[in-house]
Ligand SMILES: Nc1ncnc2c1ncn2[C@@H]1O[C@H](COP(=O)(O)OP(=O)(O)OP(=O)(O)O)[C@@H](O)[C@H]1O
Ligand SMILES: [Mg+2]
C-alpha cells in the first residue's frame, strides 16, 4: 500500500512531548481548565443575569408594550395615565389591551416573620396577562379581595409557601402591611431585580398601594390582529400618542430591560472582566509551560535542526502542542462548566445554562490563548543553535 | 581496499575543502581557529581527524556539517557549495549528512525506534510504514532489535551511542560526521561502536569523518589527519 497522502505522517512529536511528561501536562491542563471554568462561569453569570432580568417580561402576552419614558428598568418603573392605553384601541389592528401595575411591596415571611421586597403585578383578573393559559383559570380566585397568586420559584427567603400550599394549608400573611391570602401558585422565576413575584387583582393592588393614583399604570400590554405588522403599528401609535408614553415592540421591551443591566450598571463589565482575567491567567500559565518545555528541550531541537529538520517543522511541533493543550484542556472545562451551571441553577434559580454560542466562544478563547502562548514560546526556538551541540 | 567506484570517487569527492579559514570573536579578540585548510574526502573513505584540544576539530566538523556559515575559503560538501549558501540549501544538505555527537543527543521522550525514525522520516517519498521498517532495520544493523521500545533513559551508554548511529544511518546519508563518538564509552565498548560504524559505512558506501582523541581506534581509519593550531599536517 502506498497512498500519497499517508506518506507525510511522522512521529507525533507534540503528542509524545506532552504525554511523556505527565506532570507538566497535568499542570498545563489544570491551568487551562481553570481559565475555561472561570470564563464559563463569568460569561454564564453575565448572560444569566441578562436573561434573568426578563424572566417575567418574556411571559407577557403582548405584541406592543406601553411604558412611561421615565421608566428606566423593572426596578424603577414609572406610571403613566391608563387613558393612553385605552386610546390605542382606536387603531384598527389592536384587538386587546391589558393594563398592568408593577411595583415592589414588602412581603412578610409567614414562618420567620421577617420582611423582604417582592415584585407585585396587578391586573384585571379577566384580562389576558401571560401567554401561558393556565393563569386565566387560577386568576379567577383573584376576583375576591385580598387574594394573591404566589410564584413558587421565588427565593426561599419568602417562606415555604409552595410547600405549605401543596400540603393544603391556608396561607395568610402580610403584604405592604395588609392581610392577604395565597390562593394559588404560579411559576415565573426570580430575576436579578426581583427575588420573588406575586400576582394580584388591580383592586387589591390599589388597596395595597393607597398612594398610587388610581388611573395610573406602569405597563400597558397591546395585542394585535394576526398578521399585523407590529413595527408599522408602533410607528403610527407613537406618532399619535402624547409624549408621556413610549411604544415598544415586545422584543424592544425585553431589550430595554436587558440593556439597563448591560449599560446602566457595571455588572456586564465586571463579569466580562472576570472572564478576561481567566483568559489572561490561562495565557500566563500556558506560556510558562510551553516556554519551559521548549527551553528544556532546546538541545534536542538543535539536534533535529542538525539532522536536517526545518525550523518551520519545530515551530509546527510547538503549535501542535498548543492545539492539543487547548483541546485537552477544553473538554474537562466544558464538563465542569455544565456541572457548575446545574449547581447554580439549583441553588439560585438563575437561568444559567450552557449554550452553543458560549461553548464555542470559550473554546475559541482557549484556542486563542494556547496559540498565542505557543507563538510566544516559539521565539525561544530561534536560540536552538545546532553548531553548539557538538 | 579496492573501491568499485574509485574512478568516480576521484572525480567527485564527498568533501572538498580549499584554503578554508575560520575566525571567532570580534575586533581585538578576533582569533583565527582554522588556518587555510585544504583537503578532500572520497565516498566510502573513513577518515579520522585527531589533534590536541582546542585546535579547531569541532569547528571544522560543524562547518562541513553546514551548521555554521563559511567565512573564507571554499567548502564543497556532496556537491553543494557552502560559501555564500542559502539557509534552505544548508538545510537540504544536512538531510544528507549523518551526525553522531559526543553525547548521544537522543530525544529523551522518544523510544529507540522513534528516535531512529526521526532519521528515516527525513526520507522523501516513503510511506510511514516503510520509514518505520527502515528504522527497525537500522536498529537491527546495530544489534538493538530487542530494545525497540525502550526510552534512552533505560539504555546503557554503548546502546545509546548505537541508537545514535542507527539514527544517523536511517536517513541514508552519503557522509557521516562523528565527533568523539567514543568519548563517553569504556574502551571495549568504544571499540565495538567504532567497528560497527566502519562496517556499516562501508556497506552503504558512505564517507566518514571522525574526530577522536583515542589513539587505540586510529587503525580503523583509511586515513588519519593530524590537526594542530588550525592547520592540517600532511597526511600520514
Ligand atoms: N562559539 C565560539 N566562540 C568563540 N570561540 C570558540 C567558539 N567555539 C569554539 N571556540 C574556540 O575555538 C577553538 C577551537 O575550538 P574547537 O571546539 O573547534 O576545538 P576542538 O579541537 O574540538 O577541541 P576539543 O578536542 O577539546 O573538543 C577553541 O580555542 C575554542 O575556545
Ligand atoms: Mg571538540
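Bear in mind that the values in this text are calculations on the coordinates, not laboratory data. Predicted model only: the values in this text are computed from it and were never measured. Note: ideal-geometry Cβ built from the backbone for every residue, glycine included; neighbour counts use all protein chains shown.
Subtracting the Cα-Cα distance of residue A:343 and residue A:72 from 0.36 nm times their residue separation leaves 94.4 nm of extension gain. Listed peptides A:102-108, A:250-256 appear in the order A:102-108, A:250-256 once ranked by packing, highest mean of other Cβ atoms within 10 Å at the front. Here segment A:192-224 is scanned for amide nitrogen atoms under 14 Å from the site 7 Å beyond the Cα of residue A:126 along Cα-to-Cβ, giving A:202-203. Each listed q (0.11, 0.12, 0.16, 0.19 Å⁻¹) maps to a log10 I(q)/I(0) for segment A:1-122 from the Debye sum over equal C-alpha point scatterers, namely -0.69, -0.74, -1.03, -1.14. Within the listed set A:226, A:88, A:182, the residue fluctuating most in the Gaussian network model of chain A (springs between alpha-carbon atoms under 10 angstrom) is A:226. Under the shape rule built on the C-alpha gyration tensor, where the axes satisfy a ≥ b ≥ c, segment A:129-189 is oblate, since a/c reaches at least 1.5 while a/b does not exceed b/c.
Going from the residue with the fewest nearby Cβ atoms within 10 Å to the one with the most, B:121, A:61 rank A:61, B:121.
Kindly provide the helix-only [θ] at 222 nm of the protein assembly as shown, computed as the sum of -39,500 (n - 2.57) over DSSP H runs of four or more divided by all residues, to the nearest 500 deg cm²/dmol?
My calculation for the protein assembly as shown gives -13500 deg cm²/dmol from helical runs alone.
Legend: calculated FRET efficiency, residue A:181 to residue A:360, from the Cβ-Cβ distance at R0 = 35 Å, rounded to 0.05, equals 0.10. I want the antiparallel fraction of DSSP beta bridges within segment A:69-244, as a percent rounded to 5. Among the beta bridges of segment A:69-244, antiparallel pairing accounts for roughly 70 percent.
Centre-to-centre separation between the Cα atoms of segment A:243-275 and those of segment B:81-137: 62 Å. The alpha-carbon positions of chain A define a convex hull whose volume is 222 Å³ per residue.
Ranked for footprinting exposure by Cβ neighbours inside 10 Å, fewest first, A:45, A:165 give A:165, A:45. Legend: calculated FRET efficiency, residue A:206 to residue A:375, from the Cβ-Cβ distance at R0 = 45 Å, rounded to 0.05, equals 0.10.
Could you work out the relative contact order of chain B, using alpha carbon pairs under 8 angstrom and six or more residues apart, expressed as a whole percent? Worked out over chain B, it gives 28 percent. The value of relative contact order for chain A, using C-alpha pairs under 8 Å at least six residues apart, is 28 percent.
Given the protein assembly as shown, what percent of its DSSP beta bridges are antiparallel, to the nearest 5?
About 65 percent, rounded to the nearest 5.
Exposure proxy for A:390, A:34: other Cβ atoms within 10 Å of each Cβ, ordered fewest to most, give A:34, A:390.
Spatial offset of segment A:177-223 relative to segment B:22-39 amounts to 94 Å, using the alpha carbon center of each. Diffusion of segment A:69-244 by Stokes-Einstein, at 37 °C in a medium of 0.692 mPa s and with Rh set to the Kirkwood radius over alpha-carbon pairs, works out to 191 µm²/s. In percent, rounded to a whole number, the relative contact order of segment A:69-244 is 32, using alpha-carbon pairs under 8 Å and six or more apart. Pairwise inverse Cα distances across segment B:105-178, averaged and inverted, put the Kirkwood hydrodynamic radius at 11.9 Å. Under Stokes-Einstein, with the Kirkwood radius over Cα pairs as Rh, the value for chain B at 20 °C and 1.002 mPa s is 117 µm²/s. Seen against the Cα atoms of chain A and their longest principal axis, helix A:267-296 is set at about 10 degrees.
Using r as the Cβ-Cβ distance of residue B:148 and residue B:29, and R0 as 56 Å, what FRET efficiency do you calculate, to the nearest 0.05?
In this case the efficiency is close to 0.70.
The GNM of chain B, with springs linking C-alpha atoms under 10 angstrom apart, assigns the highest mean-square fluctuation among B:105, B:115, B:124 to B:124. Label sites at residue A:9 and residue A:276, each approximated as a point 7 angstrom past Cα along Cα to Cβ, lie 4.5 nm apart. Counting, for every residue in B:99-109, the Cβ atoms of other protein chains within 10 Å of its Cβ and taking the mean gives 5.
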